[in-house]
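Chemist: My questions will all concern the structure given below.
Derivation of every value follows stated rules applied to the coordinates shown; laboratory data play no part. Since this is a predicted model, take the numbers as computed values, not measurements. Quick reminder, even Gly has a Cβ in these numbers, built from the backbone with ideal geometry, and neighbours come from all protein chains shown.
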Amino acid sequence: MSKMLDTLHNVFGLQEFRPHQEAIIRRVSESGDAFVLMPTGGGKSLCYQLPALLRDGTAIVVSPLISLMKDQVDALLANGVRAAMYNSSLAPDEARAVMSALRAGTLDLLYVAPERLMAPGFADLLGDLEIALIAIDEAHCVSQWGHDFRPEYAALGELQARFPGVPRIALTATADPQTRADIVNVLGLQQAEMFVTSFDRPNIRYTVLEKHQPKQQLARFLASREGQSGIVYCLSRKRVEEVAEHLRWKGYPAEAYHAGLAAPVRSAVQERFINDETGIVVATVAFGMGIDKPNVRFVVHYDLPRHLEGYYQETGRAGRDGLPSEALLLYGAQDAGTARYQIEQGGNEEQRRVEGHKLNAMVGFAESLSCRRRVLLGYLGEDLREDCGNCDICLDPPNRFDGTLAARKLLSCIYRVRQSFGMKHVVDVLRGADNEQVRRHGHDRLSTYGIGTEYSSAEWMSFLRQLIHQGYVRQDIAAYSVLRLTPEAGPVLKGDQDLELAEPRLKAKPARKRSRA
Ligand code: ADP
Ligand code: ZN
């Protein structure tokens with residue numbers, strides 16, 4: 001115990017543990033497996049670095065990116081810890097030096113790329129040495145469901161059999177329940193103790209704006225934030241160039257960053273951003289991994305991201321210093337349509353299903369009429385006790401009305417189509433659409449056919465999403481996102497319970513507004 005604190009103070013120069021760190025370190029030090037879910041910047045590294053010093057032998061840290069390894073090793077060396085890395089970036093003599101240090105037992109920590117670790121010669125060598133623990137950083141890379149699947153991570157499932165008795169600690173900042181389950185299964189961490197830190201970033205204010213004239217919307221947003229540091233994410237390189245150009249023309253200190261630029265150009269942009277010489281970086285998602293800049297005041301998503309995990313990670317780059325920060329999403333229903341089309345064009349059926357479901361969750365967030373933080377954290381598997389008070393919905397709530405009748409129509413329609421169809425079909429049936437799919441299934445003969453002409457499709461879709469958020473309906477991810485009723489739907493269907501819905505704010509089609517006027 002006091003050894004733990006001593007090491008914290010004397011080696012790492014830190015005053016006290018953050019939530020969970022102490023318990024995690026104790027667990028691993030005592031030879032137990034651990035699974036750590038902690039947001040980026042939460043302090044995951046210490047959870048294996050400190051036990052590495054408390055236990056005999058060398059700790060092996062699996063990490064997917066050479067740049068991340070290098071930063072960590074440099075920081076450890078600066079603290080006087082005997083750390084090294086072993087990957088493809090080393091010159092042959094450097095690699096040899098690392099190997100002989102490893103054999104001599106003079107390394108506290110060794111960072112390795114997953115494919116190196118599992119290579120036969122290397123694993124055999126380790127088998128003869130004393131291993132303090134094995135840490136698997138960025139553990140979500142084992143999951144095909146995750147946004148960063150790496151096939152070489154899948155082989156890490158063999159670690160348990162190869163190194164029996166060596167404690168393993170898996171760490172990730174990606175928390176959605178499916179990814180979590182994959183990590184446990186692939187790595188065989190059923191015996192691991194789970195440590196889940198809250199993913200809430202209370203100082204970040206989430207705002208979604210309906211996207212029209214996005215350049216002007218962005219300029220207006222930036223006008224009141226002069227001199228602040230921020231990132232604007234776009235989906236394509238072309239868009240990045242275009243937006244950066246526009247901002248410079250408007251007089252903002254903006255620079256472009258995307259994978260199409262030469263590596264030295266990219267690192268120069270990153271360097272200037274970190275040193276506060278460039279205020280705004282307009283970038284694709286290639287930007288930001290591993291950047292630990294505390295005073296990023298805003299993150300703007302100019303285009304709709306493909307999934308909420310990515311959105312959470314990207315917005316999470318704002319406000320590391322804990323000061324009030326902004327996350328702005330420009331949401332166009334058209335972006336969602338384009339994304340859906342692209343998903344349907346690519347990949348195999350399984351990938352399309354997974355991607356489609358993720359996109360639905362992202363759209364659900366963008367179109368949410370209840371607290372955005374609740375939706376976001378809910379997706380990450382965390383229940384907020386109350387609304388956050390620091391998102392656009394909480395600060396400027398939409399109008400609510402008695403939605404019992406509308407809800408009952410939706411719920412009974414889902415029931416009538418035998419809980420075997422997705423959102424669009426259910427709404428088509430309600431609105432009495434005359435199309436192939438409706439006719440083929442004989443759904444034009446259902447009692448709920450055409451009983452919902454009082455609302456537009458966009459409005460029904462919004463109501464459906466609200467019923468999903470409120471827990472009356474769920475989308476079955478394992479089966480084409482078909483809609484199923486939850487037990488909570490029963491009392492509403494029977495007329496025993498009323499419920500409120502919010503008037504949709506994000507009209508999918510402005511044309512409808514005109515026809516109404
Ligand atoms: P993660 O890997 O979870 O993204 P890091 O391990 O890189 O986070 O830690 C993020 C920052 O927090 C680092 O600058 C680290 O020094 C700091 N940190 C970690 N633990 C503590 C602590 N107990 N007290 C103060 N700072 C800490
Ligand atoms: Zn809120």
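Chemist: So for the stretch 124-134 (the condition being touching a Cys at 6+ places or on another chain (Cβ under 7 Å) and either surrounded by fewer than 22 Cβ atoms within 10 Å (Cβ to Cβ) or assigned to a loop (DSSP other than H, G, I, E, B) (or both)), does at least one residue qualify? Don't jump to the end; show me each part of the working.
Modeler: At the first step, the residues of the stretch 124-134 found to be touching a Cys at 6+ places or on another chain (Cβ under 7 Å) are none.
No - not one qualifying residue is present in the stretch 124-134.
Chemist: Of the residues G319, G378, G337, only one is assigned to a helix (DSSP H, G or I) and either within 17 Å of the chain's Cα centre (by Cα) or surrounded by 21 or more Cβ atoms within 10 Å (Cβ to Cβ) (or both); which?
Modeler: On the way: G319 fails: assigned to a helix (DSSP H, G or I); G337 fails: either within 17 Å of the chain's Cα centre (by Cα) or surrounded by 21 or more Cβ atoms within 10 Å (Cβ to Cβ) (or both).
Result: G378 is the single residue among G319, G378, G337 that is assigned to a helix (DSSP H, G or I) and either within 17 Å of the chain's Cα centre (by Cα) or surrounded by 21 or more Cβ atoms within 10 Å (Cβ to Cβ) (or both).
Chemist: Condition check: within 16 Å of ligand 1 (Cβ to nearest atom), more than 28 Å from K494 (Cα to Cα) and touching a residue at least 12 places away in the same chain (Cβ under 8 Å). Does L380 satisfy that?
Modeler: Spelling it out, L380 is indeed within 16 Å of ligand 1 (Cβ to nearest atom), more than 28 Å from K494 (Cα to Cα) and touching a residue at least 12 places away in the same chain (Cβ under 8 Å).
Chemist: Need the failing condition index for I393 against (1) touching a residue at least 12 places away in the same chain (Cβ under 8 Å); (2) away from ligand 2 (no atom under 16 Å from the Cβ); (3) of a type outside the set (K, R), just the number.
Modeler: Of everything listed in (1) touching a residue at least 12 places away in the same chain (Cβ under 8 Å); (2) away from ligand 2 (no atom under 16 Å from the Cβ); (3) of a type outside the set (K, R), I393 misses just condition (2).
Chemist: When you go through (1) within 22 Å of I204 (Cα to Cα); (2) buried (at least 21 other Cβ atoms within 10 Å of the Cβ); (3) in contact with an Asp or Glu (Cβ under 8 Å, 6 or more places away or on another chain); (4) aliphatic (A, V, I, L, M) one by one for V296, which number turns out not to apply?
Modeler: (3)
Chemist: Is it the case, given these coordinates, that A175 is closer than 13 Å to L37 by Cα, small (G, A, S) and either in contact with a Ser or Thr (Cβ under 7 Å, 6 or more places away or on another chain) or not in a strand (DSSP E or B) (or both)? Can you show your working first?
Modeler: Values: closer than 13 Å to L37 by Cα: yes; small (G, A, S): yes; either in contact with a Ser or Thr (Cβ under 7 Å, 6 or more places away or on another chain) or not in a strand (DSSP E or B) (or both): yes.
Yes: the conditions hold for A175.
Chemist: Let me ask another. What are the residues in the stretch 222-244 that are farther than 22 Å from D276 by Cβ and either assigned to a helix (DSSP H, G or I) or of a type in the set (V, I, T) (or both), if any?
Modeler: The first filter runs over the stretch 222-244 and keeps only residues farther than 22 Å from D276 by Cβ, leaving 234-239, 241-242.
Once the filter is applied, which keeps residues that are farther than 22 Å from D276 by Cβ and either assigned to a helix (DSSP H, G or I) or of a type in the set (V, I, T) (or both), the stretch 222-244 yields R237, K238, R239, E241, E242.
Chemist: Please tell me if T453 is closer than 22 Å to G490 by Cα, touching a residue at least 12 places away in the same chain (Cβ under 8 Å), assigned to a loop (DSSP other than H, G, I, E, B) and away from ligand 2 (no atom under 16 Å from the Cβ). Explain how you work it out, then say what you get.
Modeler: Working: closer than 22 Å to G490 by Cα: no; touching a residue at least 12 places away in the same chain (Cβ under 8 Å): yes; assigned to a loop (DSSP other than H, G, I, E, B): yes; away from ligand 2 (no atom under 16 Å from the Cβ): yes.
Spelling it out, it is not the case that T453 is closer than 22 Å to G490 by Cα, touching a residue at least 12 places away in the same chain (Cβ under 8 Å), assigned to a loop (DSSP other than H, G, I, E, B) and away from ligand 2 (no atom under 16 Å from the Cβ).
Chemist: Just the residues that are within 11 Å of ligand 1 (Cβ to nearest atom) and free of Cβ contacts under 8 Å to residues at least 24 places away in the same chain, please, taken from the stretch 69-85.
Modeler: If the condition is that a residue be within 11 Å of ligand 1 (Cβ to nearest atom) and free of Cβ contacts under 8 Å to residues at least 24 places away in the same chain, then A75 is the only one that fits.
Chemist: When the residues of the stretch 12-68 are filtered to those that are among the β-branched types (V, I, T) and more than 13 Å from ligand 1 (Cβ to nearest atom), which remaining residue is surrounded by the fewest Cβ atoms within 10 Å (Cβ to Cβ)?
Modeler: From the stretch 12-68, those among the β-branched types (V, I, T) are 24-25, 28, 36, 40, 58, 60-62, 66; that's our starting set.
From what's left, more than 13 Å from ligand 1 (Cβ to nearest atom): 28, 58, 60, 62, 66.
On the way: V28: 28, T58: 25, I60: 28, V62: 26, I66: 15.
Here the answer is I66.
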